[in-house]
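Peer 1: This structure is in structure tokens; I'll ask about it shortly.
The values are calculated or read from the model by the stated rules, or taken from the named source; none is laboratory data. No experiment lies behind these values; they were computed from the predicted model shown. Here the Cβ positions follow ideal geometry from the backbone for every residue, glycine too, while neighbour counts run over all protein chains shown. Calculation scope for accessible area: heavy atoms of the full protein, side chains included, ligands and nucleic acids excluded. Shrake-Rupley method; radii C 1.70, N 1.55, O 1.52, S 1.80 Å.
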Protein chains: 8
Amino acid sequence: MKIAVLMGSKSDLPVLEESTAVLRQFGVACEMRILSAHRTPDEVTELARSARENGFGAIIAGAGMSAHLAGVIAAHTTLPVIAVPIDASSLNGLDALLSMVQMPPGIPVATMGIGKAGAKNAALLAISILSLSDQSLKSKLDLYRQDMKKTVLEADEGIRKL
Amino acid sequence: MKIAVLMGSKSDLPVLEESTAVLRQFGVACEMRILSAHRTPDEVTELARSARENGFGAIIAGAGMSAHLAGVIAAHTTLPVIAVPIDASSLNGLDALLSMVQMPPGIPVATMGIGKAGAKNAALLAISILSLSDQSLKSKLDLYRQDMKKTVLEADEGIRKL
Amino acid sequence: MKIAVLMGSKSDLPVLEESTAVLRQFGVACEMRILSAHRTPDEVTELARSARENGFGAIIAGAGMSAHLAGVIAAHTTLPVIAVPIDASSLNGLDALLSMVQMPPGIPVATMGIGKAGAKNAALLAISILSLSDQSLKSKLDLYRQDMKKTVLEADEGIRKL
Amino acid sequence: MKIAVLMGSKSDLPVLEESTAVLRQFGVACEMRILSAHRTPDEVTELARSARENGFGAIIAGAGMSAHLAGVIAAHTTLPVIAVPIDASSLNGLDALLSMVQMPPGIPVATMGIGKAGAKNAALLAISILSLSDQSLKSKLDLYRQDMKKTVLEADEGIRKL
Amino acid sequence: MKIAVLMGSKSDLPVLEESTAVLRQFGVACEMRILSAHRTPDEVTELARSARENGFGAIIAGAGMSAHLAGVIAAHTTLPVIAVPIDASSLNGLDALLSMVQMPPGIPVATMGIGKAGAKNAALLAISILSLSDQSLKSKLDLYRQDMKKTVLEADEGIRKL
Amino acid sequence: MKIAVLMGSKSDLPVLEESTAVLRQFGVACEMRILSAHRTPDEVTELARSARENGFGAIIAGAGMSAHLAGVIAAHTTLPVIAVPIDASSLNGLDALLSMVQMPPGIPVATMGIGKAGAKNAALLAISILSLSDQSLKSKLDLYRQDMKKTVLEADEGIRKL
Amino acid sequence: MKIAVLMGSKSDLPVLEESTAVLRQFGVACEMRILSAHRTPDEVTELARSARENGFGAIIAGAGMSAHLAGVIAAHTTLPVIAVPIDASSLNGLDALLSMVQMPPGIPVATMGIGKAGAKNAALLAISILSLSDQSLKSKLDLYRQDMKKTVLEADEGIRKL
Amino acid sequence: MKIAVLMGSKSDLPVLEESTAVLRQFGVACEMRILSAHRTPDEVTELARSARENGFGAIIAGAGMSAHLAGVIAAHTTLPVIAVPIDASSLNGLDALLSMVQMPPGIPVATMGIGKAGAKNAALLAISILSLSDQSLKSKLDLYRQDMKKTVLEADEGIRKL
């Protein structure tokens, strides 16, 4: 299964590239799309509606300000939708976070942290979802965790020598 | 021209009735609708797309939490869209306010205050818009302002006598 | 009908120019003014009171901090008043947003997002209002939407080729 | 010199009565007024403009939501203006606080805490101001402080006996 | 695959029951647990570590205040972890929301809205995840969406008759 | 009467110089002091206690973070105390604002806006207070207002010519 | 060593009793005091200055609004000062939290969560501090933890049986 | 007794070095560690569990975002745990502050201010704790306070000469 990585504006690309970098590192196929819930609502609807039959297993949607993209996607698919709030106004991304996470009951959106950390985690959540039916991804996640642990322990060793 | 008064959930009715009460007081035709951006996205789209040709002059949309209703409406019409954030979660309506007011450039949403005060003002803004081409509404707005003034001055007189 | 574009301080000009740029693009006449609710209250009152008879169809008012400009304007006219909160303090524009959007019942102010995005949308809302009685503006809004859509779809095409 | 105690709405009375109770306790003349910056702007202007010559030494102004009352008063007088933000919306008075305290440079407003505590302190600040030229008020303030101290120390004694 | 529904305290039960009610409605097996990240850290670790091999497909974790439960779970499993922030302090659940959603890069937590709406959506997200490899759940999700739509449209019909 | 201009740290000087610049412009004597409520509590107490007899008419106190300076001063004098919250942490001055403005009942602190605008207004409020018994300051305040008005109107004229 | 449990107002008693209840449960001597940083500053100073020689090992200070009590105490002693922010205004205790936790460098205050949970933890922190030189308190803390664990596990067992 | 100074990531080093600098200035032994609650949970648990027997008297833990480090440490030790929230996201450290300070009842965490000021105070609190059984540290704290006082008074003298 592939992962769709969607963003509301070209300026969101540096954030969402954190998602695609992780997906590629794990060998998970992904497609990047730039589509706006407000400026291209029909294309967003079409993408969401056909995503499952098109072989997608989850949709990552990043947007800023009154970030409706993930919610609009979720209204048109029952696939897992993962939201990445982006800091794109003077309000530090709090506007995007609340626009995404406070979804009314019935239409879930899996919300990540604001910005690049959230985008990275969005990919890892997508991989975690796919790992339920893909043992190799499960193993890669374990290795990824071990690498992270190793990096921390090396930094720890370095600082203890100071 | 009529005004559409839309809400995302039946529980929003007590708030939006503040809008319809004012519209009726001014003799402005209005239609109340309950439609959810997430649960009935197609109906919302259809309402928005046909609103201008159906004789609407503005659309009032009230919603709570991650309130996408007004933005989704605005994506499908160039009529004025007036948003009423509703306090429907533990976050006091701040979630709905930011989900509505921080619209990205290109798709405007005229946001009111949270709750009943905002719903009342939404109707008055709609009437103000219609008054540009309806002299009788302009006169009624002037009278409404005079009534408000009179109420305040009577309260003032009352308190000065204490 | 003309649009008044008002700002509380000369330093707000870069924000409000987003409004006038859009208005000019649509061929809508506009007048820029710098008037402060606190430093020139009489001139603000005079502008608001005479705006309708002077041929204005809406007033855009941008201000920062305890942004009273739009509310004071709205107290003196029944024309649509459109508020643009400006980020002009350490509080990121949240002070201006709440000073504008939380108007008490009776005096509506149509509040946009903070800063340049809000200023652009203020102009588009004003045009939307004028479009109710000006078919050519309605057509231009449709074209503007199509252009926005085209820009997004081109970006989408670009990213899909990567 | 008298103190004007102004509120934007009759519903603010329970809060502002905290101010008048303190003023009366100190024997300071005060006049309560209900006037709205938005619904009776001319009367607010008139009150502010004539306040100094009418024998007022300070103006206390309480309001909720987008609380413009104190700022509008301050725009029309160089008397000390004391603002009491009132919790009159779902936002807990934060809207009123920011609408009052973040005044742009040039027009000061002395802002108190939200609600009854702030209203009480507004009166005490007004008395403090008058005490600069009224030795008896200075003495009464000292006594008031001693009474407060005594009350605390009695409570302290009570709890130490437990 | 089963879903674990974990809460940090017995007082969180009314919120998390929203999750189990939905899971049971869909015929998805679930196990409720009360375990605290701070008071029973070893049991939390043990549950997380063994969850995948014990047949769980996702873990829903609800907690309030400095809500570490979901993050601690996620540190010990690569299964999808779904967080439900609970309003359990004077800060309206904002503390729990930020404690859950702002996870550092590397360890994803899928955060829902605050309280019962979030708990309901947590179950729906879990079902959505399981639906990737369970066609019958996919069909049930479609029916669930249709039911929601029908409920809204009936409410809409009701209000239009008024 | 003189005005004391107090700051909690040398780093606050650029902010508080806005106060002294205005005071000097009006010919009001002032004394700058650097004293910390936490590091030099005795000196702060001494300054506050003797301020009235030393000929001060008001005390301006600027501080950042958990800004206790103004409150501690106010605990030891019945002179008007004017607080200037300073943006000296990552929280944008909101910490200092709330530490100053939310004083418990009994001890008033006249709080200004955050930073330089607030410091300027602090001086103007102090002058306004002194103007109650100093006709020349009243006249200077009128002139200051006229100058501000003139500056705005010139900017207005400039922009209208564009 | 004893623990001082100080509160700014009698109304804070229900919160701070959470502290004394825990201290008594552990057999740690404590003294409750009601003293206000603003209304009885001298008594607060005296208590703080003499606390170490009077046999206190830590001071717990609870207060609401612009909560200066803990900071003022800390300015006069080098004993550990533990702050309990209290929700005593419309701002939900956020004002007290920021007034306590954002202490400038040099004068530490150990801040707990808002309200009763924080008061309970304040006592546990004080006991933890005393446990460094009191082996029996260390053992009691271990037992306390075991009891908490047992309570959680019993609740867990109860819910698993459902 | 030694102090452990722990951070969740190498990038937190510039903040936590404020802690170690103070500890070294006081001659208190300390050990810096880089360990992540999420990436190296076992090592964090091990450190916490053995800290008391390894001769530590307190643990300082700094982290950003959903900062669970201090809470996880506190779950595994009854030593005093001191938390330093770090500004490591777009939310200015408010996320880390709430993730640390709002601990549920039973497991205390002594929270400092955000960033370097907090890190400095964390060390001073640790020293304050150790000073209960180490008279020389008590004396050094007194000298430290005197130095701070002297620095402020010199700055005061400098500004008074201006």
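Peer 1: Sort out for me the helices (runs of 4 or more DSSP H) sitting completely within the range G:78-162 that have 1 or more residues that are open to solvent by 40 Å² or more (accessible area, probe 1.4 Å) and touching a Lys or Arg at 6+ places or on another chain (Cβ under 9 Å). Spell out how you get there, then give the answer.
Peer 2: Working: elements: G:94-101, G:116-130, G:135-161.
Qualifying helices (runs of 4 or more DSSP H): G:135-161.
Peer 1: Do you know which of the residues in the range A:14-34 that are open to solvent by less than 30 Å² (accessible area, probe 1.4 Å) and out of contact with any strand residue (DSSP E or B) (no Cβ under 7 Å at 6 or more places or on another chain) is farthest from B:Gly106 (Cα to Cα)?
Peer 2: Of everything passing the filter in the range A:14-34, A:Phe26 is farthest from B:Gly106 (Cα to Cα).
Peer 1: Report yes if some residue within the range E:35-42 is without any contact (Cβ under 8 Å) to a residue 24 or more places away in the chain, buried (at least 18 other Cβ atoms within 10 Å of the Cβ) and in contact with a Gly (Cβ under 7 Å, 6 or more places away or on another chain); otherwise report no. Explain how you work it out, then say what you get.
Peer 2: Taking the range E:35-42 and keeping what is without any contact (Cβ under 8 Å) to a residue 24 or more places away in the chain, we get E:39-40, E:42.
Narrowing the set further to residues that are buried (at least 18 other Cβ atoms within 10 Å of the Cβ) leaves E:39-40.
Narrowing further to those that are in contact with a Gly (Cβ under 7 Å, 6 or more places away or on another chain): E:39.
For the range E:35-42, residues without any contact (Cβ under 8 Å) to a residue 24 or more places away in the chain, buried (at least 18 other Cβ atoms within 10 Å of the Cβ) and in contact with a Gly (Cβ under 7 Å, 6 or more places away or on another chain): present.
Peer 1: If you don't mind, there's one more thing I want to ask. List the residue pairs whose Cβ atoms are under 6 Å apart, where the first residue sits in the range H:140-162 and is more than 7 Å from every other protein chain (Cβ to nearest Cβ), the second is at pLDDT 95 or above and buried (at least 17 other Cβ atoms within 10 Å of the Cβ), and the two are 6 or more positions apart or on different chains.
Peer 2: So the pair list comes out as H:Lys140/H:Phe26.
Peer 1: Pull up the range D:64-73, narrow it to residues that are more than 7 Å from every other protein chain (Cβ to nearest Cβ), open to solvent by less than 10 Å² (accessible area, probe 1.4 Å) and of a type in the set (Gly, Ala, Ser), then point me to the one that is farthest from B:Leu94 (Cα to Cα). I'd like the intermediate steps shown before the answer.
Peer 2: Residues of the range D:64-73 that are more than 7 Å from every other protein chain (Cβ to nearest Cβ), as a first pass: D:64, D:67, D:69-70, D:73.
Okay, now just the ones that are also open to solvent by less than 10 Å² (accessible area, probe 1.4 Å), so D:67, D:69-70, D:73.
With the extra rule that they be of a type in the set (Gly, Ala, Ser), the set shrinks to D:67, D:70.
Numbers: D:Ala67: 18, D:Ala70: 25 Å.
Filtering the range D:64-73 for residues that are more than 7 Å from every other protein chain (Cβ to nearest Cβ), open to solvent by less than 10 Å² (accessible area, probe 1.4 Å) and of a type in the set (Gly, Ala, Ser), the one farthest from B:Leu94 (Cα to Cα) comes out as D:Ala70.
Peer 1: With (1) at positive phi; (2) more than 8 Å from every other protein chain (Cβ to nearest Cβ); (3) not hydrophobic (A, V, I, L, M, F, W, C) as the list, and H:Gly106 as the residue in question, which single condition is left unmet?
Peer 2: Condition not satisfied by H:Gly106: (2).
Peer 1: OK, next. What number of residues within the range F:122-140 satisfy the criterion of being of a type in the set (A, V, I, L, M), within 20 Å of F:Glu18 (Cα to Cα) and more than 16 Å from the chain's Cα centre (by Cα)?
Peer 2: First, pick out the residues of the range F:122-140 that are of a type in the set (A, V, I, L, M): F:122-127, F:129-130, F:132, F:137.
Narrowing the set further to residues that are within 20 Å of F:Glu18 (Cα to Cα) leaves F:122-127, F:129-130, F:137.
Pick out the ones that are also more than 16 Å from the chain's Cα centre (by Cα) and you get F:137.
Residues flagged as of a type in the set (A, V, I, L, M), within 20 Å of F:Glu18 (Cα to Cα) and more than 16 Å from the chain's Cα centre (by Cα) within the range F:122-140 amount to 1.
Peer 1: Hey, can you tell me all the residues within the range D:120-139 that are of a type in the set (A, V, I, L, M, F, W, C) and free of Cβ contacts under 8 Å to residues at least 24 places away in the same chain? Working first, answer last.
Peer 2: Within the range D:120-139, the first condition is being of a type in the set (A, V, I, L, M, F, W, C), and the residues that meet it are D:122-127, D:129-130, D:132, D:137.
Scanning the range D:120-139 gives a single hit, D:Leu132.
Peer 1: Residues of the range E:49-77 being free of Cβ contacts under 8 Å to residues at least 60 places away in the same chain, of a type outside the set (Gly, Ala, Ser), in contact with a helix residue (DSSP H, G or I) (Cβ under 8 Å, 6 or more places away or on another chain) and in a helix (DSSP H, G or I), which ones? Step through it out loud before you land on a result.
Peer 2: Initial filter on the range E:49-77 (free of Cβ contacts under 8 Å to residues at least 60 places away in the same chain): E:49-56, E:59, E:61, E:63-68, E:70-72, E:74-77.
Checking the rest, the ones that are also of a type outside the set (Gly, Ala, Ser) come to E:49, E:52-54, E:56, E:59, E:65, E:68, E:72, E:76-77.
Then keep just the ones that are in contact with a helix residue (DSSP H, G or I) (Cβ under 8 Å, 6 or more places away or on another chain); that gives E:52, E:59, E:65, E:68, E:72, E:76-77.
Hit for the range E:49-77 is E:Val72, nothing else.
Peer 1: A follow-up question, please. Among the residues of the range G:3-13, count how many are at the interface with another protein chain (Cβ under 9 Å from one of its Cβ atoms) and open to solvent by less than 20 Å² (accessible area, probe 1.4 Å).
Peer 2: 2
Peer 1: Here are some residues: B:Ser66, B:Ser50, B:Ser9. Which one is more than 24 Å from A:Met103 (Cβ to Cβ) and of a type in the set (Gly, Ala, Ser)?
Peer 2: Numbers: B:Ser66 fails: more than 24 Å from A:Met103 (Cβ to Cβ); B:Ser9 fails: more than 24 Å from A:Met103 (Cβ to Cβ).
B:Ser50 is the lone residue from the list that is more than 24 Å from A:Met103 (Cβ to Cβ) and of a type in the set (Gly, Ala, Ser).
Peer 1: Now for a separate question. Go through the residues of the range A:83-101 one by one and say whether even a single one is under 18 Å from the mean Cα position of the chain (by Cα) and more than 30 Å from E:Glu18 (Cα to Cα). Write out each step before concluding.
Peer 2: Going residue by residue through the range A:83-101, those that are under 18 Å from the mean Cα position of the chain (by Cα) are A:83-88, A:93-101.
Of the ones still in play, those that are also more than 30 Å from E:Glu18 (Cα to Cα) are A:87-88.
Yes, the range A:83-101 contains a residue that is under 18 Å from the mean Cα position of the chain (by Cα) and more than 30 Å from E:Glu18 (Cα to Cα).
Peer 1: Quick one: H:Val81 ticks every box in (1) under 19 Å from G:Pro108 (Cβ atoms); (2) in contact with a Leu (Cβ under 6 Å, 6 or more places away or on another chain); (3) β-branched (Val, Ile, Thr) except a single one, so which number is it?
Peer 2: So the condition that H:Val81 fails would be (2).
Peer 1: Okay, next question. Go through (1) over 23 Å from H:Val84 (Cα atoms); (2) within 10 Å of chain D (Cβ to nearest Cβ) one by one and return the number of the condition F:Gly55 breaks.
Peer 2: (2)
For (1) touching a Pro at 6+ places or on another chain (Cβ under 8 Å); (2) within 7 Å of chain E (Cβ to nearest Cβ), each residue gets a yes or a no:
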residue: A:Leu94; (1), (2): no, no
residue: A:Met112; (1), (2): yes, yes
residue: A:Ser133; (1), (2): no, yes
residue: A:Lys138; (1), (2): no, yes
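Peer 1: Name the residues in the range H:14-43 that are more than 14 Å from chain E (Cβ to nearest Cβ), assigned to a helix (DSSP H, G or I) and closer than 23 Å to E:Gly71 by Cβ, would you?
Peer 2: Narrowing the range H:14-43 to residues more than 14 Å from chain E (Cβ to nearest Cβ): H:14-33.
In the following step, the residues that additionally are assigned to a helix (DSSP H, G or I) were identified as H:14-25.
Listed by number, the residues that qualify are H:Val15, H:Leu16.
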